[in-house]
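Here's the structure we're looking at; comments come further down.
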Amino acid sequence: MAVLNPPRSLPALGRSIINFLTGSRRVWTEEELIEAFRPPGLNEDSFSFEGVAHTVYTFRAIGMLCSDTAGVITVSDTVAATGGTLSPAAFRRTLQKHALDLDRDGDPWQTGPGESLTGGARDLLRAMSWFLAQDALGRPLSWTSGVQALQHAQFPDPDNETWAITNDTRWGAVTRWGQALGLAAPSLVQARSGLVPLPVVAINDVLDELPAGQMPIAEFLGQLAAKLPVLYGGLVRASLVAYLPDGDPDPGIAQDCADSSVGQALRILQDRGRLVFDTLPDADGIRLSRFDSQRQTHVTLVQGGKR
């Protein structure tokens, strides 16, 4: 199983299917689900069923849906335990937990004999860890503008089968899943279309699980990486860096600053009133950007603020 291939999986449709099954009083097979979400006359194209079929496939791969030998599709116990209909925010955090589940997938950059490169969400984990290691303050990324060239320069083998994102079809899936997970954002500059490695939404989701109050910034960043392991400091990012011949490609890390994607996201959350940064004497700190002159040593999580 994999997330980025089959290519027509739709994360938002996954939420609709899960909420539909949660509220239904009958059982549904995959074939019946396809007919329910693609009724006759809506789209008679012979491939029109693939959006539903691929979505069911990928949500089974990450453990949010299950199927039995009779082909009946059900919501997994871990999703059912969240209780009731999933709001967009609740669905996104549930999606993060299932897609970034290292207990299931292990280290996606280190596979042993007989282990699949694409089992569970390993392909997505590799793709997002690489994407979030790129410069969040640089140009937005697209397949033809940045993604191909950067991977060719950074990976040890020119064979694209060893890359994090092997082709433009999978890049299309990355753009959908990255935004659905809150780990990527579309460019706001019309003349520069593409995707930006900016995990503001995902980090904001995680903040709701952390205690309010002040803590050392290193401790705070560690907690973020533990909950979102594709960020800098997380296991998946660390394994990627060990795999790349030239180490971490992020310019912020090269200049002894916070990773650019995390640092930029934290600045945005500061502007929204979710975080307050302080520089305390005789305490270790870090610059949030390579363009900052002052190190931040502590961060205070404010309950509420603009979301």
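Per-residue counts of other Cβ atoms within 10 Å, averaged by peptide: what ranking do you get for 52-58, 14-20, 282-288, highest first?
In descending order of packing, they fall as 52-58, 14-20, 282-288.
Could you tell me whether segment 183-307 comes out rounded, prolate or oblate from its Cα gyration tensor? Rule is a ≥ b ≥ c as square roots of the eigenvalues, rounded for a/c under 1.5, then prolate if a/b exceeds b/c, otherwise oblate.
In terms of gyration-tensor shape, rounded.
Could you tell me the calculated FRET efficiency between Arg60 and Asn160, based on Cβ-Cβ distance and R0 = 30 angstrom, to the nearest 0.05?
0.65
Separation between the Gln110 and Ala218 pseudo-spin-labels, each 7 Å from Cα along Cα→Cβ, expressed in nm?
With each label placed 7 Å out from Cα toward Cβ, I get 2.3 nm.
Lys97: net charge of surrounding residues, Cβ under 15 Å, Lys/Arg +1, Asp/Glu -1, itself excluded?
-2
On average, how much accessible surface per residue is there in the chain, in Å², for a 1.4 Å probe, leaving out ligands, DNA and RNA?
Per-residue value: 46 Å².
Once neighbouring chains are kept in place and the probe is 1.4 Å, which whole percent of the accessible area of segment 204-263 is contributed by carbon and sulfur?
55
Could you give the length gained on full extension between Gln294 and Ala81, defined as 0.36 nm per residue of separation minus the Cα-Cα distance, in nm?
Additional length available on full extension: 72.2 nm.
The values are calculated or read from the model by the stated rules, or taken from the named source; none is laboratory data. Being a predicted model, the structure only gives us computed values, none of them experimental. Every residue, glycine among them, receives a Cβ derived from its backbone with ideal geometry; neighbour counts consider all protein chains shown. Each accessible area value is taken on the protein alone, full model and side chains, heavy atoms only, with ligands, DNA and RNA left out. Shrake-Rupley method; radii C 1.70, N 1.55, O 1.52, S 1.80 Å.
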